[in-house]
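Read the structure below first, then the notes.
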Amino acid sequence: MRTLSYTALALLVLALLVIPFVPQLIYIVFVMKTLCFVLFACSFNLLLGHTGILSFGHAAFFGTGAYVTGQLVKAYGVPTDLGILAGGLVAAVLGAIVGSLAIRRSGIYLAMITLALSQLVYFFFLQAPFTGAEDGLQRIPRGTFLGVIDLRSDTALYYVVLGIVAAGLWLVWRTVHSPFGNVLRAIREHEPRAISLGYPVARYKVLVFTISAGLAGIAGSLKAIVFQLAALYDVHWHTSGDVILMTLLGGMNTVFGPAVGAALVSALNHYMDPFGAWVTVITGLVFMTCVLTFRQGVVGQLGQWLRSRRTPAPSAKVQHRSHAQQQH
């Protein structure tokens, strides 16, 4: 199973590296948008899948990163790399504030607090003089990365986005497979027991909110640079709903399952665009089908199927054991 995973990962990396050389097969800007949502979904899953915290307002961090980066790069001439970093840092600070307020409650009450605070952020960007209101923050210059790479080239920008998203996904993986990640899963499974063991649960929740929000802000910053636009939709509650859908489709109990969900939703929105408003209906039907067929998400169900194929049936184990005893 591990060999199969490494083979699939190697093929995926190879495919991502050669995408700029086959523009007739796939649109490179679409792939960059998908990569941004992959990082967004995986960062959100740190809360939902690994800590058991449902947030209805994660678009606030995604949109904040987009607007902060866009304003710094466009109005103040900040280098693009520093603008992306600033977008992630501001989103992380906002995540710490929202997390410290939201964790005072649990369950649906926590989710509604995140939604209310997200709407406050939405109306701030709607009314702020520098955001362009419904028109959004347009014509954001791409600039250069590290003062060397000219991001006006889609190919150069693609590899920069791919590298940053890969670093973000590595951070997600490292967080999940660390003692910190073990504590998060303990909080998800039985919070009172984690408290009884002496863990400062509130501190852990605020910290995971901060990490998740920072990565979501970087994803929004990258999207703003790719499209040269920071729009109200980036901070709208619909975007929060999209990332929940991506996570559930891919599998919230996995590390990179939400990445598959993000790719599915992005592909549906892109390739079904000629159908207009029917895209929502088609996406809903796909979601219903996946929920009914893949109870643990696409990746989660696939992993369970592979494990069941690998593990011999109990009767086979008994027969093998009796045969060994007879030989002995």
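Working only within region 234-252, note down all residues that are buried (at least 21 other Cβ atoms within 10 Å of the Cβ), over 17 Å from N45 (Cα atoms) and not aliphatic (A, V, I, L, M).
D234
Test each condition in (1) open to solvent by 70 Å² or more (accessible area, probe 1.4 Å); (2) of a type outside the set (S, T, Y); (3) farther than 27 Å from A156 by Cα for V255 and report the one that comes out false.
Evaluating V255 over (1) open to solvent by 70 Å² or more (accessible area, probe 1.4 Å); (2) of a type outside the set (S, T, Y); (3) farther than 27 Å from A156 by Cα leaves (1) as the failure.
Pick out, from region 1-95, the helices (runs of 4 or more DSSP H) lying fully within it that include 3 or more residues that are within 18 Å of G220 (Cα to Cα) and open to solvent by less than 20 Å² (accessible area, probe 1.4 Å). Working first, answer last.
On the way: elements: 2-18, 28-51, 59-75.
Here the list reads 28-51, 59-75.
In the set L120, L184, L171, which member is out of contact with any Ser or Thr (no Cβ under 8 Å at 6 or more places or on another chain), assigned to a helix (DSSP H, G or I) and open to solvent by less than 80 Å² (accessible area, probe 1.4 Å)? Walk me through how you get there before you give the answer.
On the way: L120 fails: open to solvent by less than 80 Å² (accessible area, probe 1.4 Å); L184 fails: out of contact with any Ser or Thr (no Cβ under 8 Å at 6 or more places or on another chain).
Result of the check over L120, L184, L171: L171.
Yes or no: region 189-199 includes at least one residue that is within 23 Å of the chain's Cα centre (by Cα), assigned to a helix (DSSP H, G or I), surrounded by fewer than 15 Cβ atoms within 10 Å (Cβ to Cβ) and at pLDDT below 95.
Initially, region 189-199 is screened for residues within 23 Å of the chain's Cα centre (by Cα), giving 189.
Filter again for assigned to a helix (DSSP H, G or I), leaving 189.
Cutting the leftovers down to surrounded by fewer than 15 Cβ atoms within 10 Å (Cβ to Cβ) gives us 189.
Still in the running and at pLDDT below 95: 189.
Yes, region 189-199 has at least one match.
Where in region 211-328 are the helices (runs of 4 or more DSSP H), entirely inside, with at least 2 residues that are at pLDDT 80 or above?
Details: elements: 237-250, 257-271, 278-293, 297-310, 314-327.
Where helices (runs of 4 or more DSSP H) fall fully within region 211-328 and carry at least 2 residues being at pLDDT 80 or above, they are 237-250, 257-271, 278-293.
Of all residues in region 133-168, how many are without any contact (Cβ under 8 Å) to a residue 60 or more places away in the chain and either surrounded by 19 or more Cβ atoms within 10 Å (Cβ to Cβ) or in a helix (DSSP H, G or I) (or both)?
Pass one, region 133-168, residues without any contact (Cβ under 8 Å) to a residue 60 or more places away in the chain: 135, 148-150, 152-153, 156, 160, 163, 166-167.
This time we only want the ones that are either surrounded by 19 or more Cβ atoms within 10 Å (Cβ to Cβ) or in a helix (DSSP H, G or I) (or both), so: 135, 156, 160, 163, 166-167.
Summing the residues that are without any contact (Cβ under 8 Å) to a residue 60 or more places away in the chain and either surrounded by 19 or more Cβ atoms within 10 Å (Cβ to Cβ) or in a helix (DSSP H, G or I) (or both) in region 133-168 gives 6.
When you look at A231, is it open to solvent by 10 Å² or more (accessible area, probe 1.4 Å) and closer than 21 Å to A128 by Cα, yes or no?
Details: open to solvent by 10 Å² or more (accessible area, probe 1.4 Å): yes; closer than 21 Å to A128 by Cα: yes.
The answer is yes for A231.
The values are calculated or read from the model by the stated rules, or taken from the named source; none is laboratory data. Source: prediction; values computed, not measured. Quick reminder, even Gly has a Cβ in these numbers, built from the backbone with ideal geometry, and neighbours come from all protein chains shown. The area values use the complete protein model at the heavy-atom level, side chains included, leaving out ligands, DNA and RNA. Shrake-Rupley method; radii C 1.70, N 1.55, O 1.52, S 1.80 Å.
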